[in-house]
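Comments concern the structure below.
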Amino acid sequence: MIAAASPDAQALAVLKSVWGYDQFRGVQGEIVRAATQGENALVLMPTGGGKSLCYQLPSLLRPGVGVVVSPLIALMKDQVDALRLSGVRAAYLNSTLSLQGVREVEAALVAGELDLLYVAPERLLTARMLELLEQADIALFAVDEAHCVSQWGHDFRPEYQGLGVLPARFPGIPRLALTATADERTRADIVRVLELENAQLFVSSFDRPNIQYRIQQKGAGKAGPKSELLDFIRAEHPGEAGIVYCLSRRSVEETAEWLGAQGLTALPYHAGLPVRERDSAQERFIREEGVIVVATVAFGMGIDKPNVRFVAHLDLPKSMEGYYQETGRAGRDSLPSTAWMTYGLADVVNVRRMLAQSEAPENVKRVEAAKLDALLAYCETASCRRQVLLNYFGENLPQPCGNCDTCLNPPQTFDATRPAQMALSAAIRTGNRFGAAHLTDVLLGNATERIRGLGHHQLPTFGVGKAVPERSWRNIVRQLVALGYLTTDAAGHGSLIASAKARPLLRGEETLWLREDMLTPQTAKKNRRDRSVAPAGAAGGLFEALRALRLKLSREQEVPPYVIFHDATLREMAERRPDSLAVLGSIAGVGTRKLAQYGEVFLEVLRGDVAPAEAAGTRKNDALLSILNRRAESEAGPSAGLPEGRLFGGSGMLASHPDVADRLRAVRQQLAKVKGVSAFLIFPNATLDLLAERQPQSVNGLRGLPGLGEKRIEAYGEQIIAAIRSADHP
Ligand code: ADP
Ligand code: ZN
């Protein structure tokens, strides 16, 4: 019986009915349990780890509204839209709302008609808001992006420090702080400001197993790195969304234009572009399929598009932290994704030079130098990249991952002691004043005019490296710079200077192993098949048809496509081809409400009743889409901050059967009271909508309705039918 269900079973039931998921991911379950029981918690989880569920679900299970503090105003609308499509009574309060909109949400808050409320921190801290909250029943406070309280972090927001009012004014209400930034100092700041000294700490692994890390050396493509990038996208992610990072605004623009000329949808994004152009790029990236944004690092913060399939770096990121954060924007939906980077000698010399020229104080420079060393060592490693990456963040991965370039295609290493000595002495003998090209000429014995002009053809090192091909010299010199045996000058001439670290090597007291150059790694094609998001064969065509339907629906409802269903959900649909609502409802990501709302239209495509190209465009579908349109009409009423439908019971579908719906709601309320559980658990709003629409006249007619299993039918069936009938015959 429901009433006897354990709290965990309740949580799982709601997880299934609202989100359509069968199980928790990692520590989610424990966090949900703690928060539901009213405990405080500090949650450290990587991007895409599934933080939102950790506060959304307990907000549904506890009485009152979950108040979510988030600095990312641009995200709130999409998050709230997604929740509403799943049947959750969510709203937001931020500066984008009209005064009227604000008043409506405030009224709903005080009337206890919200499950979740997203607020910007500056608004939360106003006297008015705090007073309203004191009148409301609050389930919990969730502080998202909690690292914003810390001055140490990169996203410091002074308003966040004001959040200390929460423990002071609402001492009994559980507080959850969530962040993907895990370092000690930031953590300590969060604990101090939010008074989480006694909170449970939940740390999940920062590994992102679905991201394949790959780095290749520049030099393969004829047209340079851009063409390597194009090859990569065409071979592995055609038609898929991705982000390409470049260092300079100019290269952002050039790359976007060039990719566009090759037939890809690529949009530039950097701080120098007009706001309107930037907003439009971001909007298209979120709302369309397969858009590539070429950007400086300004892009990506606050975008939680789950199906970014690749993140490419055409220039070195600033640090390991930056690399992890930027690549982390790929594959939030857990499907195979790629973090791809191409770099070469010039990049390495460049970053070393920028460091040398830095005018920061000595202690800051030391930290910067250490960070750069770590990044370059990561780039040059011959062992598992994921191990190096996680190790940098203090996590130990015992086995090589099998999903990075060095695991898939282990690089050869060779004893480079002798050639390294040659290169270092070439630098020393030429006065530590020349760059890589000149040193290579000396080593190869190229008696160019410049060499002869300088008399370098008479040096003992001249021509000692003839046996080694030029390409290999570039590889060796790059690694010597990356590993710090060679440094650069502060003057910015690009001179390479043998460092103190080189001495033991020159004296023969140290052996140096370097990796062979790999210009065209073969990892890609080998594992392309099982890494593709679109399923193989006939299911692939079906997947595309489902995608087309999703896009059409998303345009009509003005939400991003992934808010309707995730790629993983469409893929499972295409593979399993459900032909009934019941089977469709068992697919991960299909919650009760979405099943009620979209089930039929998707089934049509799945049954092959409509040709892929005309998915959702036929007369037949028009009838089905009218359900959606009816809903859209009723949404046109209230303001953007509020859930649809007059304070709400559910969707706009209710409009045509208000009487039945009211009676059903009353019965549910009564049952909930008797059983001592929240109404949600008797049956969800989506089921209520369906019941109101179909008005089954017998207990038997309840079978197969999503949200009503055998047990529930047995427990509540009679009362449900009685309610429907009494509405029919008042
Ligand atoms: P974060 O906020 O930590 O970056 P999200 O909360 O956005 O992550 O979740 C990332 C993705 O993982 C979302 O698309 C979400 O739907 C999915 N997800 C979360 N929890 C689960 C789960 N238990 N089962 C399947 N998918 C999940
Ligand atoms: Zn690996």
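Meeting the requirement of 2 or more residues that are within 16 Å of ligand 2 (Cβ to nearest atom) and within 30 Å of Arg287 (Cα to Cα), the helices (runs of 4 or more DSSP H) wholly within region 297-410 are 320-327.
Listed here are the residues, each with its yes/no results for (1) open to solvent by less than 40 Å² (accessible area, probe 1.4 Å); (2) charged (D, E, K, R); (3) within 14 Å of Ala312 (Cβ to Cβ); (4) in contact with a helix residue (DSSP H, G or I) (Cβ under 8 Å, 6 or more places away or on another chain).
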{"position": "Asp231", "(1), (2), (3), (4)": "no, yes, yes, no"}
{"position": "Gly239", "(1), (2), (3), (4)": "no, no, no, no"}
{"position": "Leu247", "(1), (2), (3), (4)": "no, no, yes, no"}
{"position": "Thr255", "(1), (2), (3), (4)": "yes, no, yes, yes"}
{"position": "Ala261", "(1), (2), (3), (4)": "no, no, no, no"}
{"position": "Pro268", "(1), (2), (3), (4)": "yes, no, no, yes"}
{"position": "Val275", "(1), (2), (3), (4)": "no, no, no, no"}
{"position": "Ile286", "(1), (2), (3), (4)": "yes, no, no, yes"}
{"position": "Val294", "(1), (2), (3), (4)": "yes, no, yes, yes"}
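Residue by residue, here is whether (1) under 18 Å from Lys51 (Cα atoms); (2) in the same structural domain as Gly344 (by TED's automatic domain parsing) holds:
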{"position": "Arg169", "(1), (2)": "no, no"}
{"position": "Ala180", "(1), (2)": "yes, no"}
{"position": "Glu195", "(1), (2)": "no, no"}
{"position": "Asn198", "(1), (2)": "no, no"}
{"position": "Gln217", "(1), (2)": "no, yes"}
{"position": "Glu228", "(1), (2)": "no, yes"}
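For region 687-730, filtering for residues that are acidic (Asp, Glu) and either over 26 Å from Leu85 (Cβ atoms) or in a loop (DSSP other than H, G, I, E, B) (or both) leaves 4.
Note on region 171-216: among residues that are away from ligand 2 (no atom under 16 Å from the Cβ) and among the small types (Gly, Ala, Ser), the one that is least open to solvent (accessible area, probe 1.4 Å) is Ala177.
For region 460-470, state whether one or more residues are among the basic types (Lys, Arg), over 20 Å from Ala370 (Cα atoms) and either touching a residue at least 40 places away in the same chain (Cβ under 8 Å) or outside the structural domain of Arg352 (by TED's automatic domain parsing) (or both). The answer is yes, given that some residue of region 460-470 is among the basic types (Lys, Arg), over 20 Å from Ala370 (Cα atoms) and either touching a residue at least 40 places away in the same chain (Cβ under 8 Å) or outside the structural domain of Arg352 (by TED's automatic domain parsing) (or both). Filtered by the rule that a residue be in contact (Cβ under 8 Å) with a residue 12 or more places away in the chain and within 19 Å of Thr342 (Cβ to Cβ), region 387-402 gives a lone residue, Leu389.
Might you check whether a residue that is open to solvent by less than 40 Å² (accessible area, probe 1.4 Å) and closer than 30 Å to Asp183 by Cα occurs anywhere in region 463-479? Yes, region 463-479 has at least one match. Look at region 331-343: where a residue is touching a residue at least 60 places away in the same chain (Cβ under 8 Å) and under 9 Å from Asn210 (Cβ atoms) and a partner is in a loop (DSSP other than H, G, I, E, B) and more than 16 Å from ligand 1 (Cβ to nearest atom), sitting 6+ places away or on another chain with Cβ atoms under 8 Å, you get Pro336/Ser532.
Criterion first (touching a Pro at 6+ places or on another chain (Cβ under 9 Å) and away from ligand 2 (no atom under 16 Å from the Cβ)) does Val68 satisfy it? Spelling it out, it is not the case that Val68 is touching a Pro at 6+ places or on another chain (Cβ under 9 Å) and away from ligand 2 (no atom under 16 Å from the Cβ).
Regarding region 199-207, can at least one residue be identified that is part of a helix (DSSP H, G or I), modelled with pLDDT of 90 or more and under 24 Å from the mean Cα position of the chain (by Cα)? No: region 199-207 contains no residue that is part of a helix (DSSP H, G or I), modelled with pLDDT of 90 or more and under 24 Å from the mean Cα position of the chain (by Cα). Checked against (1) more than 16 Å from ligand 2 (Cβ to nearest atom); (2) touching a residue at least 12 places away in the same chain (Cβ under 8 Å); (3) not aliphatic (A, V, I, L, M), Asp231 passes all but a single condition, namely (2).
Would you say Ala360 is surrounded by fewer than 17 Cβ atoms within 10 Å (Cβ to Cβ) and under 30 Å from Gly49 (Cβ atoms)? No, not satisfied.
Conditions (1) open to solvent by 40 Å² or more (accessible area, probe 1.4 Å); (2) in the same structural domain as Arg474 (by TED's automatic domain parsing); (3) within 16 Å of ligand 1 (Cβ to nearest atom), marked per residue:
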residue: Ala281; (1), (2), (3): no, no, no
residue: Asp304; (1), (2), (3): yes, no, yes
residue: Arg329; (1), (2), (3): no, no, yes
residue: Ser337; (1), (2), (3): no, no, yes
residue: Leu345; (1), (2), (3): no, no, no
residue: Ala356; (1), (2), (3): no, no, no
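Note on region 576-596: residues that are open to solvent by 40 Å² or more (accessible area, probe 1.4 Å) and more than 15 Å from ligand 1 (Cβ to nearest atom) total 5.
Each residue in region 488-507 was checked for being assigned to a strand (DSSP E or B) and at pLDDT 90 or above, and 3 pass.
The values are calculated or read from the model by the stated rules, or taken from the named source; none is laboratory data. Because the structure is predicted, anything quoted here is derived from the model rather than measured. Note that we place each Cβ from the backbone using ideal geometry, even for glycine, and neighbour counts take in every protein chain shown. We work out accessible area using only protein heavy atoms, side chains counted, and drop any ligands, DNA or RNA first. Shrake-Rupley method; radii C 1.70, N 1.55, O 1.52, S 1.80 Å.
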